Amino acid sequence: MRLTRRSALGVLGSAVLGGSLGHAAASEAAPASIPDDQPVPVIYDSDMDFDDASTLAYLCEEHKLGRIDLRAVTVANNGFGHPERTLRHARSVLEQCGLPQVPVAEGATGAGVHPAPPELVATIENVLTGALGDASLLRYRAPMSAPDLICRTVLDSARPVTVVATGPLTNLAAALCVPRVAARIGRIQIMGGALEVPGNLYGSALPGFDNSQEFNMWLDPVSARTVLRKALSSSVYLVPLDATASVPITRTFIARLAANQDAPGARLAYRIASQPDLLALIDLGIMYWWDAAAAVALVHEELAPFRDARVDVVQDGVQSGRTMVSPAGSRVHAAFDVNTEAFEQRFLDSLNGRP
């Protein structure tokens, strides 16, 4: 399917009509003269770890297939990507996928509320540098910050923009605090949270916490709550660990990637997944297509049904960063399952540029 203006406006329109806590007005809707079959503008915001890089390769191929319009790529420097390399890696993926014109920007460098485990940051950097072959390239300096690029892209667009967020929500939270930005975002698709399953904290992140947390929300729970509260009512679609548990990365799927190398996205995803440091973790059974599941479920909605929930993010204590269903929480649409076989086939086909 194509993610069209009509599908995005369905979210925007229902929120406006249903009341959106003052974030939007009917006058903010996109002009009716724009054709319904145009692909919706997309911003991809992540912390550029191995899964994010593979997801960006996927989004590049969906853009070339005409199912989305990839307008901007932003990175958070308080997650699993190495702060000196995240933006360079993002540009490497875009360039190798044939989309060097897509603007990029990074967030402020520095630890989040909870710093990412340094041992995982180092491992991910080894994986991406090895896969992308960009070790000798200098750090890229963007002309504006990530929150500024998000705001400019959203406010300059004639159509509501979709944001895919698969890292700590620091950049998006800052952008949503700017007037009119929340009202111009039709949908926010987030990989984050754990609602009815345990968390996935690992390594040096575990001491002091009860592992009810998913990493992205744990990294910056303040921003996560801000996004849920500032976003247009009913515009947030959450893909938590409950859903991504259905999409482990397996040697079998990597073998399928090895045999399907028809487009740059597939070649990049294979080089990433086959890096020795990552294969060691895959063999432990702890690696999943977390971020890719969120992105694929955006473009191909039939793969992951969503249902309404009210969700809040714990701010303090041993459960800091936990996403919990609460009557006082913000209204979101949450996915609790992904069709594994359909996801793998669609991911593989799209990476290879197949409709």
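Side notes on the structure shown:
- Stokes-Einstein translational diffusion, the range 193-256 - Kirkwood Rh over all Cα pairs, 1.002 mPa s, 20 °C, in µm²/s: 157
- Nonlocal amide H pairs with Q189, under 5 Å, H built at 1.01 Å: V163, V164, A165, Y237
- The mean sequence separation of alpha-carbon pairs under 8 Å and at least six residues apart, normalised by the residue count of the range 110-263, gives a relative contact order of 26 percent.
- Each peptide in 338-350, 188-200 receives the mean, over its residues, of other Cβ atoms within 10 Å, and ordering these scores from highest gives 188-200, 338-350.
- Karplus-based coupling profile of the range 86-99, in residue order and whole Hz: 4, 5, 4, 5, 4, 5, 4, 4, 4, 5, 5, 8, x, 10, with θ = phi - 60° in 6.51 cos²θ - 1.76 cosθ + 1.60 and x standing for Gly or Pro.
- Of D291, D316, D337, the residue with the greatest mean-square motion in the GNM of the chain, using alpha carbon springs below 10 Å, is D316.
- Taking label positions 7 Å along the Cα-Cβ direction at both Q101 and L137, the computed distance is 1.9 nm, reported to one decimal.
- Convex hull per residue volume in Å³, alpha carbons only, for the range 290-351: 97
- Candidates G321, G203, G79, ranked by Gaussian network fluctuation over the chain, Cα under 10 Å, top entry: G203
- Residue by residue, the range 151-164 carries 3J(HN,Hα) couplings of 4, 5, 4, 5, 6, 7, 7, 6, 10, x, 9, 9, 10, 9 Hz when phi is fed to the Karplus relation 6.51 cos²θ - 1.76 cosθ + 1.60 (θ = phi - 60°); x denotes Gly or Pro.
- Solvent-accessible area, 1.4 Å probe, carbon plus sulfur percent, for the range 225-264: 47
- Helical contribution to [θ] at 222 nm, DSSP H n ≥ 4, -39,500 (n - 2.57), averaged over the chain, rounded to 500: -11500 deg cm²/dmol
- Accessible carbon and sulfur surface of the range 86-171 relative to its total accessible area, %, 1.4 Å: 56
- Computed over the chain with a Gaussian network model linking Cα atoms closer than 10 Å, the most mobile of P179, P117, P248 is P179.
- Shown in residue order for the range 217-224 are the 3J(HN,Hα) couplings computed by the Karplus curve 6.51 cos²θ - 1.76 cosθ + 1.60 at θ = phi - 60°: 6, 5, 4, 8, x, 5, 5, 4 Hz (x for Gly and Pro).
- Qualifying GluC sites (Glu not before Pro) for the range 44-107 [loop in DSSP, other Cβ within 10 Å: at most 14]: E84
- As computed over the range 125-220, the Cα convex hull volume per residue (Å³): 159
- Look at the alpha carbon pairs under 8 Å that are at least 6 residues apart: their mean separation over the length of the chain gives a relative contact order of 21 percent.
- Full extension of the segment from T340 to D308, taken as 0.36 nm per residue of separation minus the current Cα-Cα distance, would add 9.3 nm.
- Taking Cβ separations below 4.7 Å as the criterion for a possible disulfide partner, the isolated cysteines in the chain are C151, C177.
- Solvent exposure of the range 279-348 as accessible area per residue, Å², 1.4 Å probe: 42
- Debye intensity ratio I(q)/I(0), log10, the chain, q values 0.09, 0.11, 0.12, 0.14 Å⁻¹ (C-alpha model): -0.42, -0.65, -0.79, -1.12
- Computed on the Cα atoms alone, the convex hull of the range 266-312 gives a volume of 125 cubic angstrom per residue.
The values are calculated or read from the model by the stated rules, or taken from the named source; none is laboratory data. It should be emphasised that the depicted structure is a prediction, and the values quoted were computed from it without experimental measurement. Ideal geometry is used to build each Cβ from the backbone, glycine not excepted, and the neighbour counts take in all protein chains shown. Remember, those area values only see protein heavy atoms, side chains included, never the ligands or the DNA or RNA. Shrake-Rupley method; radii C 1.70, N 1.55, O 1.52, S 1.80 Å.
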